[in-house]
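Heads up, the thing below is written out as C-alpha cells.
The values are calculated or read from the model by the stated rules, or taken from the named source; none is laboratory data. Please read these numbers as outputs of a predicted model, since none were measured by experiment. Heads up, the Cβs are rebuilt from the backbone with ideal geometry, glycines too, and the neighbour counts pull from every protein chain shown. Remember, those area values only see protein heavy atoms, side chains included, never the ligands or the DNA or RNA. Shrake-Rupley method; radii C 1.70, N 1.55, O 1.52, S 1.80 Å.
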Amino acid sequence: MPMKLKKNTSLPPSMDEVMTFLNAQTGKVGKRELARAFGLKGAAREALKGMLKTLRQEGKIDVERGGRRISAKNRLPERIVVEITGMDSLGDLMARPNEWVSKAPAPQILITKDNLSPPAGVGDLVLVKIKSLEDGIYHAETLRRVSYEENQLVAVYENGRAYSVDKRIKTGFLLPELPRGVRLDNNDLILIEIPPVRSRRPEARFVKKIGDASAPFAPTLIAIYMHHLSVMFPEVAEKQAQKAKVPPLGKRRDLRDLPFVTIDGADARDFDDAVWAEADTDSHNKEGWHVMIAIADVAFYVPSGSALDQEARLRGNSVYFPDRVLPMLPEALSNGLCSLNPNETRAAVVCEAWLDKQGHKLKHRFHRALIRSARRLTYDEVQAHLDGQNAIEGLAQELQALVGAYHALMQRRQRRGVLEIDVPERQVVLNHQGRVMAIRSRQQLPSMQLIEEFMILANVAAAETLEDAGLPTMYRVHDKPSAVKIETLNAFLNSMGQKMNFSTHSEPRDYNALLQQLKGTAQERMMNEFVLRSQSQAEYSPENIGHFGLALQRYAHFTSPIRRYADIMVHRALITALNLGNDGLSETDDKVFAEVARHISLTERQAAAAEQDATDRYVALYLGDKIGQVFEGRVASVTTFGLFVHLDEYGADGLLPMRALGGDFFEYDERRQELIGRSTGEVYALGNTLSVVLRECDAITGSLVFSLKKNAVSHRGRNHQKELASFKKKPLKRRS
C-alpha cells in the first residue's frame, strides 16, 4: 500500500508530484490508492482523474483495468530478467532489461546485492528484484541465474579438485571423472563446467586443459578464458583479409606527397592515424592553422555483412594485454593494409579542418584518399624534439606546425572546461620470457596530448557531419554523474574537511577546481581517483546526450577503426552521407544501430575488465617474492569485512581484513566510509595512510592480503567521543 503523502486536502497535487510518486513505485497502483496517498477528497479527486487522463494522452503513464492499475511509462516491474553488462567504478554490477522494446533508452540497473554462487558476471542473465529507484537508476538484488556464460569457469587443478581463479569463489569443485586419455597434474589450468542445478557436493565437469598456471604469460591466458575472448579468427575471415589489396586512386584524393606522420607509443603495433599541419595561408585567418587527420579506411576492406564484418562486430574491439593484443581484425589488416606504415601507400579517410588562432574550428570536410606516411614517430621522440633534447631531422617545419595547431586546440579545450582527472595508468614491463621486470605508471607527455587533441577534433567533425546529414550516428556519450554518486562524493569530501558541494548541475570545471586546489598535496592522487569513481561510464548510443567529460555537445568515435567497431560504423555513415562510395551503410546497418551500440558498449567493458584482471595478476606475480615486506599504502575502500589498501607505487589493491585491525569491535559507517572501534574510538577511513605488511600474494587470483604494521595507525585526529557514544547504544556485532 502506498504511503500517505498529505493530510486530507482539497488541493490536488501537481503533475510533477504525481509522476515523482509513480516513479518511486515498484508495482502498479490504482486511482483510489493514489488519491489516498495524497490525502485527496471531494473536487481534488475529480481533478486527479483529469490529470491522469492528460498524463496518459501525453504518453507518460500506462492505465489498465479502468484505472485500477496505473504506472509510469516504461516503469520496470518488481521482478525482471536482466543482462549483466559491466561493472561500475565502485565494483557494483550494472545491468539492463533483457527484453526492452521501447524506443526510450533502457533504464540503468545497479545490482547492489548479489546472492548467487558463483557470483553473477558480465554476460549472465539473472532474475532480480527491484529494490529502489534513485535519480533514474534502479537498485536491485539477484534472485536466481537464468543463464550462466556457458556455465564455465577457469580453474586450477589440485589433487582431484578444481579451484576457481576467481577470488570471489571459494569452493573447490570435485571432478568425478576425466575423459579417457586425459591426465592432469597439479597446477594445470583447466576449463570446467558447473551444472546449473547445484548439489550438496560441489561437482564440475572437466572441459579442457588450457595451460599451466605457473607458465610464462599465464595471467593473460587466465584473463582470455575468464572473459570468454576470441583468440582465433574464422578461416573464411582470415582468407578474406589475406586477399585484400590497396585500392586504386580512382576518385580518391592523392595526398601521397604530404608528409603525414604517425605518433604512437614505442610498443604500438598498429597505426590508425597520421597527422599533418601547416600555417593557414588565408589572409582572413591570420595565425590560424590548416590540419589533416588521416584515418585508415577500414570500411573499404570490411564490407558490411561479410565474414570479416561479422567477426569484427562480435569482438567489438581489440583487447590489449602486457604481452599481446587480441585484435578486432586479422593481422593481415590490423598490422598490414589498414596500418598506416611509413613509406607505404595506404587508403585513408581524411578529416581536413581549418582552425583560428584560438582553436575554433572554422570549417571542415572529409575525403577518401591515398596517403603515404613519411615517418613513424614515438611519443618519446616527439617529446625529446619539443624539449630541445634531440631534434628530429627533416621534419622541423611540419612538427612546428603540428605544435602550433595543438596549442590553439589546447586554448579551446581550456575554455570548454574539460574534466581533467589525473589517474596514472599501470604499465607491466615483461621480458621475452614473460618475467615481470617492472610495474610502473605510464608517463603522460604533452606529445600524447597533442595527438589526443587532433583525434578529438576529427571525432567532433564526424559527429557534426552526420548530424547535419540526418544519418544514424554512433555517438560516444558520457552522462553527468548520478545523484547517488554525487551524494557519496559530497559525504566523502565533507569528512575530509572540503567545503565543496557538488550537484547534478555541476560542470566539469567545478570538479577541476577541487582537483586544482589539492594539486601537490598528499590528497591529490586519492581525490583524483574518487572523482573518477563518481563519474558515469561513457558508452555508445545512437541517441545523443553529449559528452560530459569532454564538455562537448556532439562527439563520435571516428579515429580508431582498426581497433573499435564503432568507428567502422561512423566511417560507413560518412561514406553514405558524403557520397564517397557504394560501401557505406547497408540497410542492415541502418536498422541495428541501437543493438550494436549496446553490444559494443558491453564488449568494451569486457575488454577493460580482462585487461585489468591480467594486470592485477602480473602485479601479484611481481610482488610474490616480497612477502613480509612493509609498504606504505592508503585506504582505497572501506567495507564491512575490512579495508582495501592501495599501493600507489604498484597500482595494487589488497585486503586488510577486519581481524588484522586488533582486538576491538569495529562498526561500519557507510555514509562516512569509516570503521570505528567501539572500545578505543580508533577510526579507519577512506584516504588514511597506513604502513602494512604483505602477508599473502596469489598470482592465480590476483589477490593480496595485508596485516597492519604495529604502531602504524593513522586517523584524522577527530574527537571520537560522540561516535563512541552513538555506537555503544547499538547491539554489539562482532566481525572478524
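Can you send over the solvent-accessible area of residue 640, 1.4 Å probe, protein chains only, in Å² to the nearest 10?
Result for residue 640: roughly 60 Å² accessible.
What dipole magnitude, in Debye to the nearest 20, does the chain give about its Cα centre under +1 on Lys/Arg Cβ and -1 on Asp/Glu Cβ?
My answer is approximately 3760 debye.
For segment 202-301, build the charge dipole from Cβ charges (+1 Lys, Arg; -1 Asp, Glu) around the Cα centre, then report which of 230, 263, 217 sits farthest towards its positive end.
Farthest towards the positive end: 230.
Hey, can you list the DSSP H helices of the chain whose Cα span along the axis is 27 Å or longer and whose average Kyte-Doolittle score is at least 0.5?
Counting only whole DSSP H runs, the qualifying helices are 446-469.
Rank 610, 397, 325 by how far each Cα sits towards the positive end of the charge dipole of the chain (+1 on Lys, Arg Cβ; -1 on Asp, Glu Cβ) and give me just the farthest.
Of 610, 397, 325, it is 610.
Quick one: work out the % antiparallel among DSSP beta bridges in the chain, nearest 5.
Taking every DSSP beta bridge with both residues in the chain, the antiparallel ones total about 85 percent.
Scale the Cα Rg of segment 264-388 by the rule-of-thumb value 2.2 N^0.38 Å and send over the ratio, two decimals.
This ratio for segment 264-388 stands at 1.25.
Can you give the local net charge around residue 646? Use residues other than it whose beta-carbon is closer than 13 angstrom to its beta-carbon, Lys and Arg +1, Asp and Glu -1.
My count for the surroundings of residue 646 gives -2.
How far apart, in nm, are two points set 7 Å out from the Cα along the Cα-to-Cβ line at residue 15 and at residue 168?
The modelled label-to-label distance comes out at 4.2 nm.
Out of (i) 1.05; (ii) 1.09; (iii) 0.99, which label holds the value of Cα Rg over 2.2 N^0.38 Å that was computed here?
(i)
Can you work out the FRET efficiency for the pair residue 595 and residue 484, with r the C-beta to C-beta distance and R0 = 30 Å, to the nearest 0.05?
Using R0 = 30 Å, I get an efficiency of 0.60.
In nm, what is the difference between 0.36 nm times the number of residues separating residue 246 and residue 648 and their Cα-Cα distance?
Separation in residues times 0.36 nm, less the Cα-Cα distance, equals 140.0 nm.
Which of the aspartates and glutamates could a cross-linker bridge to residue 357, judged by Cα under 16 Å and excluding same-chain residues fewer than eight apart?
Residue 357 reaches 278, 280, 282, 287, 453.
Please compute one quarter of the surface area of the Cα convex hull for segment 425-493 and express it in square nanometres.
For segment 425-493, the mean projected area of the Cα convex hull comes to 9.5 nm².
Amide H of residue 637: which non-local residues (sequence gap of 5 or more, or other chain) have their own amide H closer than 5 Å, using H built in the peptide plane?
Amide H neighbours of residue 637, under 5 Å, 5+ apart: 644.
More than 16 angstrom separation, counting every C-alpha pair in segment 635-685; what % is that?
36
Would you kindly give the portion of the calculated P(r) for segment 559-671 that falls above 19 Å, as a percent of all Cα pairs?
66
Pull out a ≥ b ≥ c, the square roots of the eigenvalues of the alpha-carbon gyration tensor of segment 375-447, then state rounded if a/c is under 1.5, prolate if not and a/b is larger than b/c, and oblate in the remaining case.
In terms of gyration-tensor shape, oblate.
Rounded to a whole number, what % of the accessible area of the chain do carbon and sulfur atoms account for, probe 1.4 Å?
C and S atoms contribute 47 percent here.
Computed over the Cα atoms of segment 420-545, what is the convex hull's projected area averaged over all directions, in nm²?
Across all orientations, segment 420-545 yields a mean hull projection of 11.3 nm².
As an exercise, use a Förster radius of 56 Å and the Cβ-Cβ distance of residue 639 and residue 256 to find the FRET efficiency, rounded to the nearest 0.05.
The formula returns an efficiency of 0.40 here.
Going by Cα centres, segment 156-176 and segment 312-372 are how many Å apart?
The distance from the Cα centre of segment 156-176 to that of segment 312-372 comes to 44 Å.
Using a Debye calculation, one point per C-alpha and no hydration shell, please list log10 I(q)/I(0) for segment 311-373 at q = 0.26 Å⁻¹ in order.
The computed values of log10 I(q)/I(0) come out as -1.03.
Once label points are set 7 Å from the Cα along Cα→Cβ at both residue 420 and residue 670, what is their separation, rounded to one decimal in nm?
Going by the 7 Å Cα→Cβ label model, 3.7 nm.
How big is the gap, in Å, between the Cα center of segment 492-515 and the Cα center of segment 31-53?
41
Averaged per residue, what accessible surface does the chain expose to a 1.4 Å probe, in Å²?
48
Would you calculate the separation in nanometres between label points at residue 525 and residue 207, each defined as 7 Å from the Cα along the Cα-to-beta-carbon direction?
3.8
Scan around residue 113 for amide H atoms under 5 Å from its own, H built in the peptide plane at 1.01 Å from N, and keep only partners 5 or more places away or cross-chain.
140, 142
Determine the distance separating the Cα centre of segment 639-675 from the Cα centre of segment 241-273; give it in Å without decimals.
Going from one Cα centre to the other spans 51 Å.
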